[in-house]
1. Full-extension gain between residue 50 and residue 33, please, as 0.36 nm times their residue separation minus the C-alpha to C-alpha distance.
2. What FRET efficiency comes out for residue 116 versus residue 84 if R0 is 22 angstrom and r is the Cβ-Cβ distance? Round to the nearest 0.05.
3. Can you compute the modelled spin-label distance between residue 132 and residue 72, with each label point 7 Å from Cα toward Cβ, in nm?
4. What nm value, rounded to one decimal, do you get for the distance between residue 43 and residue 62 when each label is placed 7 Å out toward the C-beta?
Amino acid sequence: MSDFEPATDLPERIDQDDTPIASTARSRDEGIQRRRHRILGIVVAAIAVALLLTGFTPWRVAVSALAMYVFLRLGFAVLGAFARPVPEAPPAGELRRVKLKYRCNICGTELRMTLANDEVPEAPRHCTEAMELTATQDDAL
């Protein structure tokens, strides 16, 4: 998440290029994910070859290798979602002032929203249902 200087040039010219290269967590994460997928493919292929050598039919090996690859990718994706931190809240300057009123159709609870990231934010949920946007004549003016 910090900036670093490139060291890929000739040593006598390194000091001439002092522009930092932004290193982001996303670019590092994408590289790690590609490497993990490659390793997973190699492991699945090795197990498939081992199964073929032990006498299983190629059709059964292909189906089981594909299923194993899909299940492991899904499992790693679910575990990876738990490992990633919750994104930071936007800075206070990026919130917009809104005056929206919502009402729950089931129990009648009303809610007034005064700040939101979007001009028309997604409706909040109450009683497991999305609340409805209500407007009064004062709001229309």
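The numbers here are math on the coordinates, done by the rules we state, and not lab data. Because the structure is predicted, anything quoted here is derived from the model rather than measured. Reconstructed Cβ throughout: ideal geometry from the backbone, glycine too, with neighbour counts over all protein chains shown.
1. Full extension from residue 50 to residue 33 adds 3.6 nm.
2. 0.35
3. 5.2
4. Here the modelled spin labels are 2.5 nm apart.
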